[in-house]
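Bear in mind these aren't lab numbers, they're just calculated from the coordinates by the rules spelled out. As the structure is a prediction and not an experimental result, all values here were calculated from the model. With ideal geometry, Cβ positions are generated from the backbone for all residues, glycine too; neighbour counts draw on all protein chains shown.
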Amino acid sequence: MSEATQQIPWGPTGELVYRRSYSRALADGTPEEWPDTVRRVVDGNLALVPDGHQLPDERRQLEDLLLRFAALPAGRHLWMSGVSGRQFLFNCHVAGWDRDDPAAHFRFLFNQLMQGGGVGANYSNRFVDGMPKVTGRSEVHLVCDDGHADIAELLPHLSPVYSPMWPGSMRVDDSREGWVDALGAVLDRFWGHEHEPLVLDLSLLRGRGEPIRSFGGTASGPAPLAAMLAKVAAFLGGKVGAGLSSLDAMTIDHWIAEAVVAGNVRRSARMSMKHWADPDIGEFIEAKTDPLLHWSTNISVEVDDDFLAAVAGGDGRATEVFAAATDGMLHNGEPGVWNRSLAQVGERGQVVCTNPCGEIALEEWENCNLGHINLGAFADDVDGAVEAHRLMARFLVRATFGDVPDERQRAVLLRNRRIGVGHLGYQGWVVRQGIRYSESASHPHVREALGRFARAVRAEAESYTAELGIASPVKVTTVAPTGSVAKLPGATEGIQPIYARYFIRRVRLAESDPEVEVQRTLGHELEPDLYSPNTVVVAIPTKDTLVEQIESAGGDVGLIESADEIPLEAQLAVQTMYQSVYADNAVSMTVNLADSVDPDGVRDVLLRALPHLKGTTLMIDESRPQAPSERISRAEYEASTGQEVDGSAGSCLGDACPIGNEGLH
């Protein structure tokens, strides 16, 4: 690598994000530096296909792009690529339903969340109502050796009847597979005909705080698993002879996600969807009215062409659902709306749900893998950006050869080979070319360049898959909320405009993280996280990176518009333009609105946009407690301590887009 590439253009919090999220230990125990990570990731990715299937200079080109943050694969790749053993390289998944194996949905969701992936699921009646009724009546008992380090935490969940010495117990293995098997054993008892008590021995599980060498981080101890198993067993015990409702299944999935989050190693991220015509859609829409309930999931109403026609025709039921959905958005940012009819266009099978942030619609059991081009790194160098798109398409095609142990998922993957080359730094890109965000959707240069990028990705993906003798990807382009990856260079996330010039950024840290004391020393406000246990929320006064960069370069800061200055129509116009010109998957974007809006006017604008958008989310400013961002004035910023400069606030942060858990991890 040249000396020039060693000058790493970190964003203000980029190095912190990198060291805490993506830097692994080298052979001598010292942490990777960014060039080490780049070499590991590129070498690991190239090794996924046989020798001879790379361009003459591909390794050097990829290393150069990653080193200077001009292109970045999703954080999943930064963490797992090139690691010995299995490489779980896929960002997100959709959990399906199996009427012959009702526990399959929950096992799959638990397993993927434990691997750090996000999971979507469609809880519409057409899926859930067909599941068999709960039939088992077995008792579930949890036991553990009295000498376990976490015995005090476990006592409330332990059986007063059985001893860990009893030879008939099932010993839960100290592994991801062991946790999933334990949940599966409980579920199988309630959907089976075995009536003997199930005794699960947790003695082998390592204590809280012990290192997890394979995945990284520290263990949560067995207490979160014990709490989840006890709640699931008690809940299903009360459902014997009945089937699960949509909200019942969502509740179990939420408890599973809580158990995963409790260790502060992974942030659970889920998407929950339900069809607009289901009789209990109202209950679903109100599921997150209390922000402390179902916080591990985004929710979206599944709509279709019939819905749009019904609303346009004044149908009472459809109009009522639309009003309830938009009222929810204007109250707390949810539910979103997912247009299944539009998402289905161009698919090989039936897509049923999106990943947690909505940029990829997937079939049951399917997965996706993502990579991003930092448009801001190219300014007016369209040819250079085209080449970066080609190389990222090849990177992601190779990534489809990553490990997929689940046979159902592998079958869909082999058929679809779905990838998603996306963007970050969009606003910086247009501003550096003298274009305002609000004017960019109709700008001919922007549209022409995006069209070139899309065609380059499609052409390279089809050529490369033909060379490799595999199916061409069903879809190849998208826009994701790029979260912590965008923070490495300090770029704007996805195609979001900046949130504000000055704002409070709330970052979530594990209580045990040494960074907590650093932030306390800097004078930043800290408080317990309302949503996640063992987590602290740090409030950091922030100046937006793009504003700082343009000011420092002597550019026209007046070209930079913040979200509260851009009309709803203009923000949706950018998303619509991207959906039609660039993305064949979906475009994830959360439109931020001021707290004083006309609900009827919002509905009118949204209804006009819905036929052209696969997914839509609106959010009123600071509509949730401990919102990830809160606007402040320049004077408030300058009077604050620890004056940080950071990137703009988006809707989903982290590899798996954990709504309600935004922050660094």
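Taking 0.36 nm per residue of separation and subtracting the Cα-Cα distance, full extension of the segment from MET165 to LEU26 would add 45.9 nm.
Rounded to the nearest 10 degrees, the inclination of helix 568-581 to the longest alpha-carbon principal axis of the chain is 90 degrees.
Our estimate of slack between PHE235 and ASP129, defined as 0.36 nm per intervening residue step minus the Cα-Cα distance, is 36.4 nm. FRET efficiency for the LEU16 to ASP556 pair, using the beta carbon distance and R₀ = 22 Å, is estimated at 0.15. A cut-off of 5 Å between modelled amide H atoms, ignoring neighbours fewer than 5 places along the same chain, links MET170 with VAL199, LEU200, ASP201.
Contact order, relative form, for the chain: 17 percent (alpha carbon pairs under 8 Å, 6 or more residues apart, mean separation divided by residue count). Compactness of the chain is given as radius of gyration and Dmax, 24.2, 75 Å, from Cα positions. The modelled label-to-label distance between ARG455 and GLU407, using points 7 Å beyond Cα along the C-beta direction, is 4.5 nm. Note on ALA242 and GLU283: the extension gain reaches 12.8 nm, defined as 0.36 nm multiplied by sequence separation minus the Cα-Cα distance. Loop-located GluC sites (Glu not before Pro) in the range 478-531 (DSSP state other than H, G, I, E, B) with a sparse environment of at most 16 neighbouring Cβ atoms within 10 Å: GLU511. Of all alpha-carbon pairs in the range 454-544, indicate the percentage at a distance above 22 angstrom. Percentage above 22 Å: 53.
Which angle between 0 and 90 degrees, to the nearest 10, do you get for helix 407-416 versus the longest principal axis of the chain when only C-alpha atoms count? Helix 407-416 sits at roughly 20 degrees to that axis.
The range 348-507 gives an Rg/Rh value of 1.00, both radii derived from C-alpha positions and Rh following Kirkwood. Modelled spin labels at ASP564 and SER512, positioned 7 Å past Cα toward Cβ, are 3.9 nm from each other. Using each residue's phi in the range 536-541, evaluate 6.51 cos²θ - 1.76 cosθ + 1.60 at θ = phi - 60° and report the 3J(HN,Hα) Karplus result to the nearest Hz, with x for Gly and Pro. Calculated HN-Hα couplings, in order: 10, 9, 10, 9, 10, x Hz.
The eigenvalues of the Cα gyration tensor, multiplied by 5 and square-rooted, give the range 76-219 an equivalent ellipsoid with semi-axes of 27, 26, 11 Å from largest to smallest.
Cα-Cα pairs above 19 Å in the range 132-180: how many percent? Roughly 38 percent, once rounded to a whole number.
The packing ranking of peptides 221-229, 466-474, highest mean first, is 221-229, 466-474, where packing means the average number of other beta carbon atoms within 10 angstrom of each residue.
Its Cα centre serving as origin, the range 522-582 has a Cβ charge dipole (Lys and Arg +1, Asp and Glu -1) of approximately 200 debye. Placing a pseudo-label 7 Å from each Cα along the Cα-to-Cβ vector at ARG59 and ALA379 gives an inter-label distance of 3.2 nm. With R₀ fixed at 22 Å, the C-beta to C-beta distance from GLU462 to VAL345 puts the FRET efficiency at about 0.75.
In the chain, the DSSP-assigned H stretches of four residues or longer account for a calculated mean residue ellipticity at 222 nm of -11000 deg cm²/dmol, using -39500 (n - 2.57) per stretch and the full residue count as denominator. Using only side-chain charges placed at the Cβ, +1 for Lys and Arg and -1 for Asp and Glu, the dipole size of the range 411-476 relative to its Cα centre rounds to 160 debye. The charge dipole of the chain, taken about its Cα centre with unit charges on the Cβ atoms of Lys, Arg (+1), Asp and Glu (-1) only, comes to about 1140 debye.
Only one residue of SER596, VAL421, VAL431 has its Cα farthest out toward the positive end of the dipole of the chain, where Lys and Arg carry +1 and Asp and Glu -1 on Cβ, and that residue is VAL421. Between the amide H of THR477 and those of VAL421, ASP584, ASN585, distances stay under 5 Å, these residues lying 5 or more places away or on another chain, with hydrogens modeled in the peptide plane.
Comparing PRO279, ILE256, THR297 along the charge dipole axis of the range 234-364, the residue lying farthest to the positive side is ILE256, per the Cβ-charge model. Take 594-602, 275-283 and order them by the average number of nearby Cβ atoms within 10 Å per residue, most first; the result is 275-283, 594-602. Projecting the Cα positions of THR478, ALA459, SER512 onto the charge dipole of the range 451-540 (unit charges on Cβ atoms of Lys, Arg, Asp and Glu, taken about the Cα centre) puts ALA459 furthest along the positive direction. Here the peptides 144-153, 85-94 are ranked by packing, the mean other Cβ count within 10 Å, and the order with the highest first is 85-94, 144-153. Between the Cα long axis of helix 223-237 and the first principal axis of the chain there is an angle of about 70°, rounded to the nearest 10. Counting lysine pairs in the chain whose alpha carbons fall under 29 angstrom apart, excluding pairs fewer than 8 residues apart on the same chain, gives 18.
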